[in-house]
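K.L.:
Here it is, the structure, as structure tokens.
The values are calculated or read from the model by the stated rules, or taken from the named source; none is laboratory data. Treat the numbers as computed from the prediction; the structure is a model and nothing was measured. Cβ sites come from the backbone with ideal geometry, for glycine too, and all protein chains shown count toward neighbours. These area figures cover heavy atoms from the full protein model, side chains too; ligands, DNA and RNA do not enter into them. Shrake-Rupley method; radii C 1.70, N 1.55, O 1.52, S 1.80 Å.
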Amino acid sequence: GGMQINLQHAWELFQGASSPRAEVLYEQGLFFCFEMESIFEKDDIKALFFLRQAFDLGDIRAAFAVEELFQQRKEVYPLPEELVQVYAWRLGRLLRAAELVPCSEYWQRLSQAYQIGFPQDSPENKEKFLRLSRYYADKSLESDKKDAIEKEKCS
């Protein structure tokens, strides 16, 4: 027992968005991905259309949804290296931003990206990524503490 979700209304809100946003396109893709209580039938082509756009705009979750979609179809993603390369590029961008502007937000985003890991990565690499995720989460906390100290000094 929770709130009733009106999927038709949600879809209309997504469609009415003034500019494409990665997280909106990701959610739109999910409307077509899986057999669930939805206003639409499962449609892999439409799901891929929205998810690839979301991925191109930087929503890393879309890579995993695309991969899962291919697994459901018992197919191999045509170019799995693409997922890894784009994901690595995204991590590189986040790391560069965090190095240039070392603040809590960037460290936290980097931590979240490492927590996700690469699609179908080895257990050893997943563990390495989780360690890096914890490392950057700690840097985020340190940054928050430094900001709090600076605010206290200024008061």
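K.L.:
When you scan region 66-74, do you find a residue that is among the basic types (K, R) and either assigned to a helix (DSSP H, G or I) or under 24 Å from P20 (Cβ atoms) (or both), even just one?
P.N.:
No, the conditions are met nowhere in region 66-74.
K.L.:
Please state which of the following conditions F129 fails to meet, knowing it meets all the rest: (1) open to solvent by 80 Å² or more (accessible area, probe 1.4 Å); (2) closer than 21 Å to F64 by Cβ.
P.N.:
Exception for F129: condition (1).
K.L.:
Is there any pair with a first residue in region 86-111 that is part of a helix (DSSP H, G or I) and a second that is open to solvent by less than 80 Å² (accessible area, probe 1.4 Å) and among the charged types (D, E, K, R) whose Cβ atoms are under 7 Å apart and which are 6 or more apart or on different chains, and what are they?
P.N.:
So the pair list comes out as S104/D144; S104/D147; W107/K139.
K.L.:
Something else about it: For region 85-118, how many residues meet the condition of being among the aromatic types (F, W, Y) and open to solvent by 50 Å² or more (accessible area, probe 1.4 Å)? Write out each step before concluding.
P.N.:
Initial filter on region 85-118 (among the aromatic types (F, W, Y)): 87, 89, 106-107, 114, 118.
Okay, now just the ones that are also open to solvent by 50 Å² or more (accessible area, probe 1.4 Å), so 89, 106.
Matching residues across region 85-118 total 2.
K.L.:
Separate question: Of all residues in region 50-65 being of a type outside the set (A, V, I, L, M) and assigned to a helix (DSSP H, G or I), which is nearest to F31 (Cα to Cα)?
P.N.:
F50
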